[in-house]
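Remarks on the structure that follows.
The values are calculated or read from the model by the stated rules, or taken from the named source; none is laboratory data. Quick caveat: nothing in here was measured; it's all calculated off a predicted structure. Cβ atoms come from the backbone with ideal geometry, glycine included; neighbour counts cover every protein chain shown. Quick note on the areas: whole protein, heavy atoms, side chains included, nothing else; ligands and nucleic acids left out. Shrake-Rupley method; radii C 1.70, N 1.55, O 1.52, S 1.80 Å.
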Amino acid sequence: MNNAKEKLVVEVVGAHNLMPKDGEGSSSPFVEVEFENHRERSTVKYRDLNPVWNEKLVFPVNDVADLPYRTIEVNVFNEKRSNNSRNFLGKVRVSGSSIAREGEEIAQLYTLDKRSLFSHVRGEITLKLYLSSREEVKQVINGNNGAGVMVSKKNKRLQQQQGTNLAVQQQLTQENKLNFQIHNHPKPVEPGGPGDMMKPVVITTGPNPTIPPVVNPAGLGVGRGGVGNGGVAVYSSTGAPGPAGEYSLKETSPHLGGGPLNKDKTSSTYDLVEQMQYLYVRVVKARDISSVFGGGGELVAEVKLGNYRGITKRVSLTNNAEWDQVFAFSKDCIQSSVVEIFVKEGNKDDFLGRVWFDLNEVPKRVPPDSQLAPQWYRMEDKKGEKAKGGEVMVAIWFGTQADEAFGEAWHSKAANVHTEGLCSIKSKVYLSPKLWYLRVHVIEGQDVVMGEKGSSMMRYPELFAKVQVGNQVLRTRIASPLANKSLSNPVWNEDLLFVVAEPFEDYVLVSVEDHIAPNRDEVVGRVVLPVTGIERRLDEKPATSRWFNLDIHFNNQNESKAMMRFASRIHLRASLDGGYHVLDEATMYSSDVRPTAKQLWKPHIGVLEVGVLGATNLVPVKIKEGKGGSTDAYCVAKYGQKWVRTRTVVDSLSPKWNEQYTWEVFDPCTVITIGVFDNARVDKNTAIGAATRDSRIGKVRIRLSTLESDRVYTHAYPLLMLHPSGVKKTGELHLAVRFSCANMVNVLHMYSMPLLPKMHYVLPLSVNQLDGLRYQAMNVVASRLGRAEPPLGRDVVEYMLDHDSHMWSMRKSKANFFRLTNILAWFVAASRFLESLRNWHKPVYSALFMIVFMVFVLVPELIMPCVLLIMASVGLWRYRSRPRHPPHMDTRLSYADAVHPDELDEEFDSFPSCRSAEIVRIRYDRLRSVAGRIQSVVGDMATQGERFQALLSWRDPRATFLFVIICFIAACGFYLVPFKWVVALWGLYLLRPPKFRNRLPSRAVSFFKRLPTNADGML
């Protein structure tokens, strides 16, 4: 082979989890490779922390024999477009000895190193290095839109100025070229240099492991590629370029269930997530420790795997010390072939006993196999002798996230989390409390004794009843005087509704009070009822009313005993209504519409399965010392009474959860809500504070009725947040969703059933009552979930339940107006089409329409069949263009892409407003102008209605006289002439050509507009 033709090819595949350095939570990275005084660079990937290049840089090789003694230096920089400079993101030095021949190259994952002691660097880069003698490689490089441009000091400034143009050109040609495919290799990937540390993202036993999905921020398609063991691959996605594509839904292709060639027993249960391999170490207990080393002190066990260490809780140093803790080490963190278990005394560094296991001998467990039985192992001391080391009971195995021990295990990626924060990063399932509507009907009082005798003789007592349940307080109106009732027998006859939760721990406090002064109410009697003793009802039948004696100990203690013998009473009808569904979320986003009483539930119609795969390109939420921007993300999903919370992935902008959850579905017209949050309790400094709030990253809503049965939807949903500065994309959430139903007839039958239970229609609640009860229900749910461990914060519950959906927003008002406009646009288009036919703009269409009109008039039996047949045909025709993906948050529909900044500032303003008086005045004037237009429209509608009423009101006697005479003449005409001929003549008259028309309005319209209205009497 001719060495002169040999060339070194450095294929820059991609990078992952780069450090954000543009001041806005992102970076615009490019790669610069230097070899033997030759330097080449890749294109710039703007605002992408997980860029994908797939670009080949070619270097000439003078002597192939001297190549093992050379090094290739790869530097990653962030381009600063403001001042034509760059920031250092990391570097890699690769030894020439690791360069393979063409056809034998493999993808190698390198950890980025620091340039100096003070450099802030993180992330990995994937490279391919090989020798090639093919001339076409040179041509491919040159045709890649300048990816291999030589960089020198003279043209450096020119190239930086042309960076934007190069990136735009590459995006236009790269859509069909980004195929991230890496050849299979039978061995795990090893680092290229002796000083590099290998850090794969996911290693599985199957042929197609993956790293977190990398999505081009510009929305370009990224091809899917398979790799060998230890390789990498990315999700494929489709989307339109530009801002619209950035906020669009993208279809992904993850390897669910371990890929098609790696199916196991868990595929039927965990087939909507990617398999993640873990090494589980269960340390149960130790014995014969105190007899060897003496009593006293505390004992801990330490599990060490490479640089990762997991420490158990401390137990008393007795003869048998028991921990029963599980440690989970992700396979991508395994840096050693041996796992060691030490038993130590307290905080001492010296160990009392040690046992180690070779990872090549560790068995693999696949559920539903029973758990691996722990065994006793003799420990060795410092000298390697096993006679005095005691014994430890340990179980060790390889498994996946489907293992029962996964949820409660200590994870290696949470090694830096403080002890108080460990409980807040585990995955949990929560159940909302069972909510009831408590109805208290306050009927009347009897023999109510006034508190102040003198004041009661001088004035009429203003008595009202106040009912308190927990922190919910409602009051009746002040009793009105009645002719047949005395002043001491007030009558209210009002219903008061509250929200209570099982188990019932509250009491109902009913008090009768007298309004003495504007800020003074005097309690004249009260009664306390336990909620557990209140009657439950399932239908509209009224509950039994009862009289209760009022406790009047609030009165003056000096009253005579004779007065105390008279008992004041109150008449109440209290019931727990189980026939309602307690709304704790907005009706349009409701995830459950079942009644409270379980006796009224119907069997479920299907099953909803959701695989929370991961997220990509999350924005940094917090700043950590030495790490820069970071996010500790977790997901919360809510459907029905079941809330799920994934584990927290610490310090990652592209977290991988791969957790699967299942819900029973009772109604297909419901919505599941999935939110992403940043865990504020991971950092010890912020966890100490009492007002710790988890930051919102975004949420996704999926309506089940938009999903096809038994189809798996794998998409990347954009996470959008509205800020005072505008809408921001905070990342992408990757989900796999499947809705399965056993009997389609039951699902179709649900579409004919009422949306809410029967009680909502038999005894309906007012809109104001529903709003107040929903707020109280949200408070009850937030209080109960906040008492769980780990607690689900109130801010999380409020965000998931859309607690502020009823607040005023100019943006939402405009969005709803445009929604209504889109609905009316169809009628406007139809009216314009009929007007064009009437004006004979297209004579052929007008003539055909006149013929069809006459046919329908003469044979009216054809009208409804033809209309229904046309609608059915249109529906079948549109089946081909039906939506293929679930709906998602739409910035255009929400009017978030063109909203004025002042309107956003008003939307984020508190209630009551905290802005200055001048800003409030400006906003009030703007609201007055908008309300003025609405006022004019409402007035015009009222005017037209009043003109119809004036036809027979004799307000204008001459107009009413003319209308009555015309009605008599028309009645005789319709009696003598068949109705269809009248309609035919009327249609022909309207459809007459413009040549036979007058441009003035018709006589009927002129007569109608002359009728009087009530606007004449308005001030």
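Kindly give Rg over Rh for the stretch 45-113, based on alpha-carbon atoms, with the Kirkwood expression for the hydrodynamic radius. Mind dumping the intermediate values first?
On the way: Rg = 15.0 Å, Rh = 14.6 Å.
Reported Rg/Rh, Kirkwood definition of Rh: 1.02.
Residues with amide H under 5 Å of G614's amide H, sequence separation 5 or more or different chain, H placed in the peptide plane at 1.01 Å from N; which?
W657, N658, H734
Quick check: Cα centre of the stretch 472-519 to Cα centre of the stretch 926-971, how many Å?
What the calculation gives is 46 Å, centre to centre.
What part of the accessible area of the stretch 277-415, given as a whole %, is carbon or sulfur when the probe is 1.4 angstrom? Write down the numbers at each step before the final one.
On the way: 2810 of 6420 Å².
Result for the stretch 277-415: 44 percent of the exposed heavy-atom area is carbon or sulfur.
In nanometres, what is the gap between the two model label sites at S98 and R546, each 7 Å from Cα along Cα-to-Cβ?
That separation, rounded to one decimal, is 8.0 nm.
If you count, for each residue, the other Cβ atoms within 10 Å and average over each peptide, how do 708-719, 923-934, 635-646 line up from highest to lowest?
Values: 708-719: 19.1, 923-934: 11.6, 635-646: 22.8.
In decreasing order of mean packing, 708-719, 923-934, 635-646 become 635-646, 708-719, 923-934.
So how much slack lies between L820 and I934, counting 0.36 nm per residue of separation and subtracting their Cα-Cα distance, in nm? Before the final figure, lay out the partial values.
Details: separation 114, 0.36 × 114 = 41.04 nm, distance 1.43 nm.
In short, 39.6 nm is gained.
Rounded to whole Hz and in sequence order, give me ³J(HN,Hα) for the stretch 975-987 from the Karplus expression 6.51 cos²θ - 1.76 cosθ + 1.60, θ = phi - 60°, writing x for Gly and Pro.
Going residue by residue, I get 6, 7, 9, x, 5, 5, 6, 5, 5, 5, 5, 5, x Hz, with x marking Gly and Pro.
Once phi is turned into ³J(HN,Hα) by the Karplus curve 6.51 cos²θ - 1.76 cosθ + 1.60 with θ = phi - 60°, what whole-Hz value does each residue of the stretch 790-806 show in order, with x for glycine and proline?
Per residue, the Karplus-derived 3J(HN,Hα) values read x, x, 9, x, 5, 5, 5, 5, 5, 5, 6, 8, 6, 5, 9, 5, 8 Hz.
Probe radius 1.4 Å, ligands and nucleic acids ignored: give me the carbon and sulfur share of the accessible area of the stretch 810-1017 as a rounded percent.
Numbers: 11380 of 16310 Å².
The C+S portion of the solvent-accessible surface of the stretch 810-1017 is 70 percent.
From a point 7 Å beyond the Cα of Q949 in the direction of its Cβ, which residues of the stretch 1001-1019 have a backbone N at a distance under 13 Å?
1012-1018, by backbone N distance to the label point.
For a quick protection proxy, order the peptides 354-366, 988-1000 by their average other-Cβ count within 10 Å, most packed first. Before the final figure, lay out each step's value.
Working: 354-366: 13.7, 988-1000: 10.3.
Ranked by mean Cβ neighbours within 10 Å, highest first: 354-366, 988-1000.
Based on alpha-carbon centroids, what's the gap between the stretch 884-917 and the stretch 339-404 in Å, whole number please?
Computed from Cα coordinates, the inter-centre distance equals 56 Å.
Amide H of S427 versus every other amide H placed in the peptide plane: which residues, excluding those fewer than 5 positions away on the same chain, fall under 5 Å?
Counting only residues 5 or more places away or on other chains, the set is R647.
Over the stretch 7-132, with the other protein chains present, what is the accessible area per residue in square angstrom, probe 1.4 angstrom? It would help to have the intermediate numbers written out before the result.
Details: 4770 Å² over 126 residues.
I get 38 Å² per residue for this part.
Taking the Cα centre of the stretch 836-992 as origin, sum charge times position over the Cβ atoms of Lys and Arg (+1) and Asp and Glu (-1), and report the length of that vector in debye to the nearest 20. Could you put the intermediate results ahead of the total?
Working: 18 positive and 14 negative charges, 174 e Å.
Dipole size: approximately 840 debye.
Based only on Cα atoms, what mean projected area does the convex hull of the stretch 7-132 have, in nm²? Provide the component values of the computation, followed by the final result.
On the way: hull surface 30.9 nm².
Average of the hull's projected areas for the stretch 7-132 equals 7.7 nm².
Ordered by residue, what ³J(HN,Hα) values in Hz, to whole numbers, does the stretch 945-953 give under the Karplus form 6.51 cos²θ - 1.76 cosθ + 1.60, where θ = phi - 60° and Gly and Pro are x?
Result, rounded to whole Hz: x, 5, 5, 5, 5, 6, 4, 10, 8.
F979 to N1014: extension gain in nm, 0.36 nm per residue of separation minus the Cα-Cα distance?
Numbers: separation 35, 0.36 × 35 = 12.60 nm, distance 3.55 nm.
Computed gain between F979 and N1014 is 9.1 nm.
So how do 570-578, 10-18 stack up, highest first, on mean other-Cβ count within 10 Å?
Details: 570-578: 20.8, 10-18: 23.6.
Per-residue Cβ counts within 10 Å, averaged per peptide and sorted highest first, yield 10-18, 570-578.
First compute the accessible area of the stretch 7-132 with a 1.4 Å probe, then give the percent of it belonging to carbon and sulfur atoms.
Working: 2040 of 4770 Å².
Roughly 43 percent of what the probe reaches on the stretch 7-132 is carbon or sulfur.
Taking 0.36 nm per residue of separation and subtracting the Cα-Cα distance, what length does fully extending Y879 through C914 add?
On the way: separation 35, 0.36 × 35 = 12.60 nm, distance 5.16 nm.
That works out to 7.4 nm of additional length.
Summarise the long-distance tail of P(r) for the stretch 810-1017 by giving the % of C-alpha pairs beyond 22 Å.
When all Cα pairs of the stretch 810-1017 are counted, 74 percent exceed 22 Å.
Name the residues whose placed amide hydrogens come within less than 5 Å of the amide hydrogen of R39, ignoring near sequence neighbours (fewer than 5 apart) on the same chain.
Amide H neighbours of R39, under 5 Å, 5+ apart: V151.
With r defined as the distance between the Cβ atoms of D925 and V1005 and R0 fixed at 25 Å, what FRET efficiency is calculated, to the nearest 0.05?
Numbers: r = 38 Å, r/R0 = 1.51.
The formula returns an efficiency of 0.10 here.
For a Förster distance of 60 Å, can you work out the FRET efficiency between the beta-carbons of T71 and Q371, rounded to the nearest 0.05?
Working: r = 50 Å, r/R0 = 0.83.
Calculated transfer efficiency: 0.75.
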